[in-house]
Structure formats: structure tokens, C-alpha cells
1. Subtracting the Cα-Cα distance from 0.36 nm times the residue separation, let me have the gained length for ILE267 to ASP33 in nm, one decimal.
2. If you plug each phi of the range 77-88 into the Karplus form 6.51 cos²θ - 1.76 cosθ + 1.60 with θ = phi - 60°, what whole-Hz ³J(HN,Hα) values come out, in order, with x for Gly and Pro?
3. Give me Rg/Rg_expected for the range 135-188, where Rg uses Cα atoms only and Rg_expected = 2.2 N^0.38 Å with N residues.
4. Let me check I've understood the local charge: for LEU109, count other residues with C-beta under 15 angstrom from its C-beta, Lys and Arg +1, Asp and Glu -1. What total comes out?
5. Taking a ≥ b ≥ c as the square roots of the eigenvalues of the Cα gyration tensor of the range 63-188, is the shape rounded (a/c under 1.5), prolate (a/b larger than b/c) or oblate?
6. Using a 10 Å cut-off on Cβ atoms, rank the peptides 164-172, 284-292 from the highest mean neighbour count down.
7. Starting from the residue with the highest accessible area, list CYS194, CYS77 in decreasing order, probe 1.4 Å.
8. Explain nothing, just compute: Karplus ³J(HN,Hα) = 6.51 cos²θ - 1.76 cosθ + 1.60, θ = phi - 60°, for every residue of the range 190-197 in order, whole Hz, x for Gly and Pro.
Amino acid sequence: MDMRYKFFVAWFGFDDVLLGGTGWINGTLQPHDDYVVPNTAHFVWFGCRSFTIIHMLSLASVYQTMKPDKIFFHTDCEPEGKMWAQVSLIPQLEVKYMKAPTEIAGQKLNQDWPQHQADIARLQILLQEGGVYFDPDIFVVNSLDPLRKYDYVAGREDGYLLSNAVILANKDSQFLKEFYQSYVEKYIDYCYNCNSIVGHHNVVEKFPHLIHIENYSMHRPDNINWKTLFYRNFDWQVGHYTFHIWKDSFKLWSWIGAPRQKDGDYIREFTLDNIRELDSAFGEMARFIYYGTKEIIPQDDTLPDPWWTQLKYQTSMQDANTTSIPRLGTL
């Protein structure tokens, strides 16, 4: 294959050859009367890396809004630090060791695209257990229960293409099996999303009756219009199940018109301090998840108790077996 073509596909993730000239296809899967997707959440985390405020807010939003029976954190290197310490208080959280895949059906994974390991791992987990998979930069803002009556659910991003950042699936879903089989039959190693996004769409083309698609409620604004999250306000609690925060896009482009703090400094990384006064949809979401309020919190105002306060209290009470009020420590 021509190297210029490979570069184009690797950078943009798709082309007419891979898509076969197809376009918008609607899923026609009908819901069951009862829930068929387990009320369990799954995250995949490979490698030893920083667990940031975005990751913490993602798990906190799943805990608060989805109200799962269990949150499984599949990893080969458990995170550390302040943000992870807060998440670790969630009683439903269970860390499960998982070795990162290195191949699929004898095809070695491209180590230049570590995303491929998580792409395959999430499908393997769902095939074994079912449930809801989340990328660790997804915020859940409304209950997913209406979607749990379908055998397989995904949402659109990048125009008409499907994302794999949130997947709801019954472990016996035929679409889930076909999606995994598409990797087995043709693993594409030269771009990061040729299987995960473009391949997802191609499976829909063959089996539209096996999937329910959310067109606008899971990943919009998409990664083309992601600045809407960080620079504008809109009613994010209406018409949305989840948001993809696109933290990598923000880091990449934040030097162009990056939002400013009250003191005029540009924001390069989000912190518990600067989310207090961010006047944007993201700022509202972050405050609502962490402090329980969408309102701006001026620096000289008293902070509301964060979301983990009651969990810390309950844990300390259990450990000490006492009715005294514990200190919150260094979280």
C-alpha cells in the first residue's frame, strides 16, 4: 500500500475504500420488555499512567447516575494518587487484573497504537460478562436504563460513524459477536480506528437489525465540535445520556483560544480549583458531578462537600466500628 495513503488513513481514520461508499444506516433492533443488559459497568486501563480529574469524574458520574450493581476496573497497573483514592471509596468498585492483549487470532497488535489493546479487551469482556463499557473520559448524565432493553447499543460520532467509547451489550448479542469477528477476519494495524470505528460501521451495514443506534444522545458534540463543551453553555441534561469529554483533543488544541481563568491565565489542564469558575457546559458538568451543583463557585465562597465525602464517612465508620465523626484526611 502506498505510504501516502497509509498516512491519510492513519491520520483521519477512514476513507472511501474502507467505508465502501456507504453512509448513514439506522439500526432496527427492537427492545425487549425487560432489561437484557446487566447493570454493571466496565472500564479498561492498561499501563501505568496518570489518573486525572477527568478519569475521576468519569467513574464518579457512572457511580452517581447509572447506579450500577458493580463497576469493574480491568487493569494491569492499578492507578495511584489523589483522584484514584477518591474513586476507590466507591463500594461497588472492583479492580480486576487483566493482561493487555498482544494479538488477535494470531495477528500481532500494532504497538504504536496501544488503543488497539483496549479496543479488543472491551469486546472480550462484554462477550464474557455483558454490561456497559465506558472509556474513562465519558461522563454519564442520565440513566441508561431505557437502553438496557436492547441487546446491543452504540452511539454515533464523527458524522455517521459509530463510537466504541460506550457500548451496552448482552453477552449473547449476535452483533457483539459479529463485531469481534470483524477483528478476527481482518485486523487493520496501520490506523488507530479502522476496526474500532470504521469497522463498527461496516458491521452495521451487514446487520442493521442487530443493533440499536443513538444518533445524537451519546457523543455529541463530537470530536469535530468538541469545543462546544469547553467554551459554550447548553442544557446538557436534556436529550443526552453520555458525553465524550475528548480530553486529548482539548490538550492538543488548547493553545488556540484556550479558555481563561478569572485571573486571565490560560487553562492547560483541568483541576479541582479551576473547574469552580469555568463558565461552560463542561464546567457545569464537572461541578455537578463533584460538588452537586452546576452553579459557579467563586474562589472566596465556601466549597460544598464533594461527592466522595459521605463514602469516606461510611468507610471510616465501618473501619473504626464507632459512631464518632471521622476526619476526611488528605483526599
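The values are calculated or read from the model by the stated rules, or taken from the named source; none is laboratory data. Computed from a predicted model, the values in this text were never measured in an experiment. A quick note on method: Cβ atoms are made from the backbone with ideal geometry, for glycine too, and the neighbour counts reach across all protein chains shown. For accessibility, only protein heavy atoms count, side chains too; no ligands or nucleic acids. Shrake-Rupley method; radii C 1.70, N 1.55, O 1.52, S 1.80 Å.
1. Taking 0.36 nm per residue and subtracting the Cα distance, the gain is 79.5 nm.
2. Result, rounded to whole Hz: 7, 4, x, 9, x, 4, 5, 5, 4, 5, 4, 5.
3. After normalising by residue count via 2.2 N^0.38 Å, the value is 1.26.
4. Taking every Cβ under 15 Å from that of LEU109, the sum is -1.
5. It comes out oblate by the Cα gyration axes.
6. Numbers: 164-172: 22.2, 284-292: 20.7.
For the peptides 164-172, 284-292, the packing ranking is 164-172, 284-292.
7. Descending accessible area places them as CYS77, CYS194.
8. Computed from phi, the couplings for the range 190-197 are 9, 8, 6, 10, 5, 8, 6, 10 Hz.
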